[in-house]
Amino acid sequence: MLMLGDVERAIAARDPALGELIVRYLAQDDPEDGRGELSPADEDDDDAAPVDVPAGAFTLDRLNAAVSPRGLANKTATERKLARRDAFAAAESSPFAPPRLRLGKLLIELYERGDPEGRAALLHVFAVGTMKWGAWQAAKWIYKRAEERHDAALYGVLAYRFDAMKQTPHAAGELGAGTLLYLRRRAWRYLRLLGQAVPDAYPVFAVEVLRHYPADAGAHASSWVAAQIWGHGALEGGRGAASFGPPARGDAMQLRAFPAAWKLSPAPLLRLLEAAVNDLVCDWAIRCLRADHPLALRAVEPAWLARLGRRPVAAIHGFVVALLRDSPELHQSKLRELGLHDVVLGFLRSPSPEARAYALEYAAAHAPDLAIDELIELVEHGAEEVVKFAAARLDAVSPRQIGVARLLRLLGSALAPWAAARLAQGFAPGDIEAAQFVDTAARGTGAFGFLIKFWNDKQVAIPARFWTALLDDPRFTAGEWRLRTIVQTALTELGKRTAREIGAAWIQASLEDRARTDAVARWLDAGMLSGDELDVEWLKGLVGKPRLRPIALTLLADRRRVAPARVGLGWLLELARSGDADLAGFAQRMLLESFEPADFAPGRDPAAGVSRLWELASGPKSPEPVRGFAATYLKAHHLDLGPRLAEARALGIKPRLDHDAYAMAVVRPLLFDARADVRRLAVAIAGEEIARWGDPGLVYELAGAPFKEPRALGCELLLGVIAAEAPFDPVQGAADAGSPGSASTSPPGAAPRDATRGARPPASATRMPAAWIQGPRLFQLAESPHQAAREVALTLIRRLYDRIGGAERLAWLMDSPEREVRLFAVRLFWDRHRPRPWPADFAPRKAAAAGVVGRERFADLAALRQFARVVLFGLPPGRLGERDPIVEGAPRPERALPASVAKRRLIEALRDAALEDVELARAIAPVLGELSSSIAKGEWQASVQALTALRAHHAEGL
């Protein structure tokens, strides 16, 4: 980026490149309002601080609005002039307007200085620079001074620019169409008045205008000044618009403006031939010379002809050839002596057919020593007749004289079909260098096909370095459509070579090239790189690039190519910590499949490796992804658990750890760890190892644990004992829901329904010996703060009551703070210890030494009545809390009924029992009377109904 300060310093230093510097400065975009010139308007910088432009500050937009027709409406001419002047002055002094508005004053000062360097810079700027405000101010001011001072050079370049503004770079919104039309007319008016007043000066000024029209200005381009110069007679009455081309009808010499002035001297026209670059302008000048100054063309200097002949204009070439043909002193045999030999041979490349024909005649007769390089260039770039001539000359030269490089340049040329045969005749594949191979292939499929045939005929393989050089060449990496088949051929051929031939570094770089990734990935899949040739560190770097990550992971996971030890345990463990699921999964799979426990410790010590695994699985600083991997590894290599693990089966892992690796001292603390994933690992291991550890107390500790994972395992183990003891009865299991012992129809005082009845024992049922069932521990568990543990304990107490129960322990439970536990104790107490009459035919075989456990009777009627009161009033008033889920597939403990339903059913059960036993009816009638005064609708209704039924049935007994 250039700044106005750079232009100022170049002007002060009289820099010879000042003109081009100003042209580049004008071609830049304007900065945003208030920003420096190093911040162009199109820069997308989200971090750049916004510029606060004060209201009323002069910016480029405000300047546009101020000098627009709408902004100058309803003003007189003088007012408009003053308004424009004030607006531009304010914008030039504003820090929020583009600095290039101040360039106009610098250019005016440069013109006033008048030194040759400054004038040359101004000529270049006004000829090719982008015309916009700033430079436009200087252009108008300098044009007026050039008219006043009769400055032909500056007048000429500015008159041309005004005339051709639409075809040159300019800011259309800043240059008014009316102003341009006025300046075009003014430029011609000055020439017209000059021709009338000073005919001698008119051609000089007209030539200065015409010489600036560029070579690409065509006959149909818009023009007014040039059209008037050579077609004034045909434009009388015109309004400022015409075409650039000279008149095609009528006498062109009479239609031009001031024809007599052109006849005064040939010098302006000769200067125009040496300075103009437009073919139409040069052709018009030649016609004027032939019409007005034929004598001046009879004795021309060879040096002048040489200067003209080197100009790249077709009309001039034809003109020079005509002069050579017309002058005996310039016969072809004398041209070498006159210094015109090279000029005429240069016409072999001329756009003029006449000049090429003359050059071919001359070369055939007087240039037998044309250089081979020049002949090759003519074959490559010449016109058809020139190519035939050059090819015929080369056909007579031996292959060694031509050289391999030149023959390669001729391959594929339709006019040099002998090139392939000459190449095969004089050279071997080893004579061709990689750069020559690439240059030839870059010309297209024709030349490339001849190259392939040359190597095939010699039965030699093209070196791999040739193909790699071809693919690295910018001409083949630009995505050119015509070269796509050559690129595919190169990739296919390289796919057949070894990595040693190609080079591992090139393969690595090509994999990262988007255009070659797919092809190189196929090579790698086929095993091109393996073992020491495959750079593992490079693959690790590719893992960090999402586009290439799948390829890198596939290669790293292939043990045929990369040994796991080369990948590195540390890197895999680091990768296992990644938050990316794919990366973490890859690392864990590779660690599971390819690393033994001993690999995790220095020196491959198995015991240290196991310790390291447990540290990874449960260490306080171990991140969760690493803990997950270590847990999976420990489970997958367990002798019993591993074969059942899905990950181990999928990877075909055979367990490598024995039971000693899972000691209770290591696992037991993890069962109560605060992290859920650590507890899950410990539970999985403990479920397999607990019987081997031989610690019954651990089961009860698990069942009463504060965390649901160990608690679920403990409950599963305890329930498994009774599930294993009960044989599976599908009929009983199906009918159990409607049995008298079920929750829906159980009589009052009956224990809750046992969920283990009719159920298959779980997988872990045999892991805990039945001998581990301990009554005191179960009764302690029944008072656990966790409902699931209490339910399991109560289920076991009811099922195993004969073995572990007793009235004393039930009485202990009756004091529990949990209502469902008290209710359970009362129900079980009534079921097992209520008074029962001896059967009439019962006769004991021998006197019992002591009372039967579990069959004690109530002391008196008051005790029985108090028991009924405790049972009825002790039921919970609302729902029980949520309980923890039991492990899937394990037996479910009983779940208590809602309080209202349980109380209603208990009253109904007492009623049914009392209907058969008048003594029981006398015992519970007072209690039911107390309950009938309850405010709970269900309670008093059931009590009133029961009392009514009892009184109706036992009218006299009550």
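The values are calculated or read from the model by the stated rules, or taken from the named source; none is laboratory data. No experiment lies behind these values; they were computed from the predicted model shown. Neighbour counts run over all protein chains shown; Cβ positions are idealised from the backbone, glycine included.
A few notes on this one:
- Among the residues of the range 387-411, those that are under 14 Å from G426 (Cα atoms) and of a type in the set (K, R) comprise R400, R406.
- Of the residues L681, L634, the single one that is within 24 Å of R711 (Cα to Cα), in a helix (DSSP H, G or I) and at pLDDT 90 or above is L681.
- Condition broken by Q196, with the remaining ones in (1) closer than 18 Å to A285 by Cα; (2) surrounded by fewer than 22 Cβ atoms within 10 Å (Cβ to Cβ) satisfied: (1)
- Against the test of being within 23 Å of I376 (Cβ to Cβ), of a type in the set (K, R) and touching a Ser or Thr at 6+ places or on another chain (Cβ under 8 Å), the options R356, R310 yield a single qualifying residue, R356.
- From the list S578, S622, the one residue that fits, being surrounded by fewer than 21 Cβ atoms within 10 Å (Cβ to Cβ), at pLDDT 85 or above and not in a helix (DSSP H, G or I), is S622.
- Odd one out for V67 among (1) at pLDDT 90 or above; (2) closer than 20 Å to G176 by Cβ: (1)
- Pick from the range 589-610, criterion part of a loop (DSSP other than H, G, I, E, B) and among the acidic types (D, E), ranking: modelled with the highest pLDDT: D605
- Matching residues, the range 745-794, being among the small types (G, A, S), closer than 23 Å to I690 by Cβ, part of a loop (DSSP other than H, G, I, E, B) and at pLDDT below 85: A755, A759, A763, S764
- Helices (runs of 4 or more DSSP H) wholly inside the range 126-208 containing at least 3 residues that are hydrophobic (A, V, I, L, M, F, W, C) and closer than 25 Å to P116 by Cα: 135-149, 152-163
- Count of the range 643-662 residues which are surrounded by 14 or more Cβ atoms within 10 Å (Cβ to Cβ), in a loop (DSSP other than H, G, I, E, B) and out of contact with any Gly (no Cβ under 6 Å at 6 or more places or on another chain): 4
- Residues (surrounded by 16 or more Cβ atoms within 10 Å (Cβ to Cβ) and part of a loop (DSSP other than H, G, I, E, B)) located in the range 807-818: S816, E818
So that you can scan it fast, the table gives a plain yes or no per residue for (1) among the β-branched types (V, I, T); (2) buried (at least 16 other Cβ atoms within 10 Å of the Cβ); (3) in contact with a strand residue (DSSP E or B) (Cβ under 8 Å, 6 or more places away or on another chain); (4) modelled with pLDDT of 90 or more:
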{"position": "G71", "(1), (2), (3), (4)": "no, yes, no, no"}
{"position": "S94", "(1), (2), (3), (4)": "no, yes, no, no"}
{"position": "L103", "(1), (2), (3), (4)": "no, yes, no, yes"}
{"position": "E148", "(1), (2), (3), (4)": "no, no, no, yes"}
{"position": "T179", "(1), (2), (3), (4)": "yes, no, no, yes"}
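- Odd one out for P368, checked against (1) over 27 Å from L470 (Cβ atoms); (2) outside any loop (DSSP other than H, G, I, E, B): (2)
- Residue check, A478 out of contact with any strand residue (DSSP E or B) (no Cβ under 7 Å at 6 or more places or on another chain), surrounded by fewer than 19 Cβ atoms within 10 Å (Cβ to Cβ) and at pLDDT below 90: yes
- Some residue of the range 889-897 being modelled with pLDDT of 60 or more and part of a helix (DSSP H, G or I): no
- Of the set (1) under 24 Å from R819 (Cα atoms); (2) outside the structural domain of E716 (by TED's automatic domain parsing); (3) at pLDDT below 80; (4) not in a helix (DSSP H, G or I), all apply to I886 but (2).
- Flag for G245 being touching a residue at least 12 places away in the same chain (Cβ under 8 Å), touching a Lys or Arg at 6+ places or on another chain (Cβ under 8 Å) and over 14 Å from R189 (Cβ atoms): no
- In the set (1) at positive phi; (2) at pLDDT 80 or above, the condition left unmet by R922 is number (1).
- Candidate set: the range 333-365, residues that are out of contact with any Lys or Arg (no Cβ under 9 Å at 6 or more places or on another chain) and not in a helix (DSSP H, G or I); chosen: the one farthest from D283 (Cα to Cα): E337
- The lone exception for L639 - which of (1) on the phi > 0 side of the Ramachandran plot; (2) in contact with a His (Cβ under 9 Å, 6 or more places away or on another chain) it fails: (1)
- Among the candidates L613, L639, residue that is assigned to a helix (DSSP H, G or I) and either farther than 30 Å from G775 by Cβ or touching a residue at least 24 places away in the same chain (Cβ under 8 Å) (or both): L613
- Positions within the range 920-952 being of a type in the set (D, E) and free of Cβ contacts under 8 Å to residues at least 40 places away in the same chain, in sequence order: E939
- Selection within the range 671-716: residues that are closer than 22 Å to P785 by Cβ and touching a Ser or Thr at 6+ places or on another chain (Cβ under 6 Å). The member of this set that is surrounded by the most Cβ atoms within 10 Å (Cβ to Cβ) is E716.
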